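Rule-based calculations on the coordinates, nothing more; no lab input. This structure is a prediction, so every number in the text was calculated from the model and none was measured. Reconstructed Cβ throughout: ideal geometry from the backbone, glycine too, with neighbour counts over all protein chains shown.
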Amino acid sequence: MKKIYIIDWNSFIYRMFYALPEFSTSDWKLVNAIFGMAKFFVNLSLKDKPDYLIFVRDAKWDNFRHEIYADYKATRDRMPDNLKVQLSSIDEMIGKMWIEIIEIPGFEADDVIATLAVDLGKNPENDIYILSGDKDLFSLITENVKMYDTMKKKIYWPDDTIEKFWVKPEYISDYLAIVGDTSDNIPGIPGFWPKKAIELISLYGSVEWIYENLDKITGKTKETLDAKRDLAELSKKLATIDRQVNLGNFALESNNFLTKNILNDEIKEYFRAHEFFSLIWEENVNLKKWEDLNLKVKIIWDKQGLDELKNKITNYKEIVFDTETTNLNTLIAEIVGVSIYLDDANIYYINHAHRGPQVSFTELKEFLDDIFNMDITIIGHNIKYDLEVIESYFKSSGKTEVKKEELSQTSLFG
């Protein structure tokens, strides 16, 4: 499978800006959004390693939706000045990485993303991830086109879309047409909330078919639908993504991420100039070695070790907790191991699925049940993900072992 990341530049840049507190260089240049993007690229290069990376940005000026509704996006707040001043530096950084940004006049990024997703999704060997938070893009989800929330580390499949909106991906535009979308100033049908939208869609399907069956609907619902038909049809047009944008001379190979020298010397100099020293990995490689930090990790592989750790935890008011898993999707992720930090002298890794002696499914479940019932504070990065994985993994009492074929060949024990 070819892993393809399609990134909604506009949505992504806002998320990077708000994900980090504002901070500046020694000469007072604001860099929180720049740093967020820089760290994202470093992680892509060192960890995710997609085969292809496509950045898409809204074209300047109005698009065809403004022609049919002058107030489209009229309520959206202007970009914060503290983000605006960082945009040119972000563009400069992306340019130094030789990454292209696609921008098609007259169209929003969503339309271009949709066209790319539909076209590239025709090839079953393409594994496509859309990096965005926009609700309308959920309409594009199929078995090989997913939404990827990098902040929550969550991937949305078709079933996740139904769980989130209670409608299938193909009805997202109808859902938004009925309930409206305040972020884009799509009016929707006044007084119709999500529950009403879900009810109508489950009975009749699209907005068009709802009106085809208007004679079967009664009471206040029928009166409102009849009175607001023009508004409903307008909202459907505004919420529907164009999937046939002319992309000109677009070529997937031009966006091959693995062949680009993303972390080149020019970028390293750019990082130094912006004081992103933590991102220049070779200059900080010694910081990544446990022995250089004088810290030792104790591996736990049996019930005796778990019991000893559990007793030790009772002497602490807080612990740091993290899971090692096989997948970003919490519904199918398997637990490989669990890391627990008490202090610099007490760092533990519970082996559940690497080669060598392992803590069993039952032993790990009982241990986690016990510590989560203790009167302690548990600290973690994206702890919601860890909790969802634990809940899903232990939900089935018949599960006895991790699927070993999903694990890397890396072994803790040689």
Could you pull out every one of the aspartates and glutamates with an alpha carbon less than 16 Å from that of LYS317, ignoring same-chain neighbours closer than 8 positions? ASP343, ASP344, ASP370, ASP375
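If you build the Cα gyration tensor of the chain and take the root of 5 times each eigenvalue, what three semi-axes come out, in whole angstrom, biggest first? Each step should come with its number before you reach the end.
Values: eigenvalues 356, 182, 80 Å².
Those come to 42, 30, 20 Å.
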To the nearest 20 debye, the chain has a Cα-centred charge dipole, built from +1 on Lys and Arg Cβ and -1 on Asp and Glu Cβ, of 320
³J(HN,Hα) across the stretch 239-251 via Karplus (A = 6.51, B = -1.76, C = 1.60, θ = phi - 60°), whole Hz, x for Gly/Pro? 8, 8, 7, 6, 9, 10, 6, 6, 8, x, 9, 4, 9
Under 12 Å from a point 7 Å along the Cα-to-Cβ line of ARG76: which residues of the stretch 169-185 have their amide N that close? 182-185
For TRP9, TRP61, TRP157, what ranking results if the residue with the fewest other Cβ atoms within 10 Å of its Cβ goes first? TRP61, TRP157, TRP9
Mind listing the long-range amide H neighbours of PHE55? Cut-off is under 5 Å, sequence gap 5 or more, other chains count too, H placed in the peptide plane at 1.01 Å from N. ILE7, ILE102
Considering amide H positions built from the backbone, and no H for Pro or chain starts, which residues 5 or more places from ASP322, or on another chain, come under 5 Å of its amide H? SER339
Nearest 10 degrees, 0 to 90: helix 361-372 Cα axis against the chain principal axis: 80
Under the rule of at least 5 residues apart or a separate chain, name every residue whose amide H is placed under 5 Å from the amide H of ASN126. LYS2
Identify all lysines with a Cα-Cα distance to LYS168 below 17 Å; exclude those on the same chain that are fewer than 8 residues away in sequence. LYS135, LYS146, LYS195, LYS196, LYS236
Beyond 15 Å, what share of the Cα-Cα pairs of the stretch 1-87 remains, rounded to the nearest whole percent? 69
Whole-Hz ³J(HN,Hα) for each residue in the stretch 305-322, computed from phi via Karplus 6.51 cos²θ - 1.76 cosθ + 1.60 with θ = phi - 60°, x for glycine and proline: what do you get? x, 4, 5, 5, 5, 4, 5, 5, 4, 4, 8, 10, 8, 8, 9, 9, 10, 7
Using Cα pairs closer than 8 Å and at least 6 residues apart in sequence, work out the relative contact order for the chain, in percent. 14
May I ask you to derive the FRET efficiency for LYS317 and MET1 from their Cβ-Cβ distance with R0 = 41 Å, giving the value to the nearest 0.05? 0.35
Rounded, prolate or oblate: pick one for the stretch 82-221, where a ≥ b ≥ c are the square roots of the eigenvalues of its C-alpha gyration tensor, a/c under 1.5 means rounded, and failing that, prolate if a/b is larger than b/c, else oblate. prolate
With θ set to phi - 60° and the Karplus curve 6.51 cos²θ - 1.76 cosθ + 1.60, what are the ³J(HN,Hα) couplings of the stretch 58-70 in order, to the nearest whole Hz, using x for Gly and Pro? 4, 6, 5, 6, 6, 10, 4, 5, 5, 5, 9, 8, 4
For a protection proxy built on the mean count of beta-carbon atoms within 10 angstrom, sort 168-175, 211-218 highest first, please. 168-175, 211-218
Among beta bridges assigned by DSSP with both residues in the stretch 289-397, the antiparallel ones amount in percent, to the nearest 5, to 65
If packing is taken as the average count of other Cβ atoms within 10 Å, what order do 123-134, 222-233 fall into, highest mean first? 123-134, 222-233
Strictly over 19 Å apart at the Cα level, which of LYS73/LYS237; LYS29/LYS260; LYS39/LYS153 would you flag in this model? LYS29/LYS260
Where both residues lie in the chain, what percent of DSSP beta bridges are antiparallel, nearest 5? 45
Run the dipole for the stretch 170-239 about the Cα centre, Lys and Arg Cβ at +1, Asp and Glu Cβ at -1, nothing else charged, and hand back the magnitude in debye, nearest 20. 240
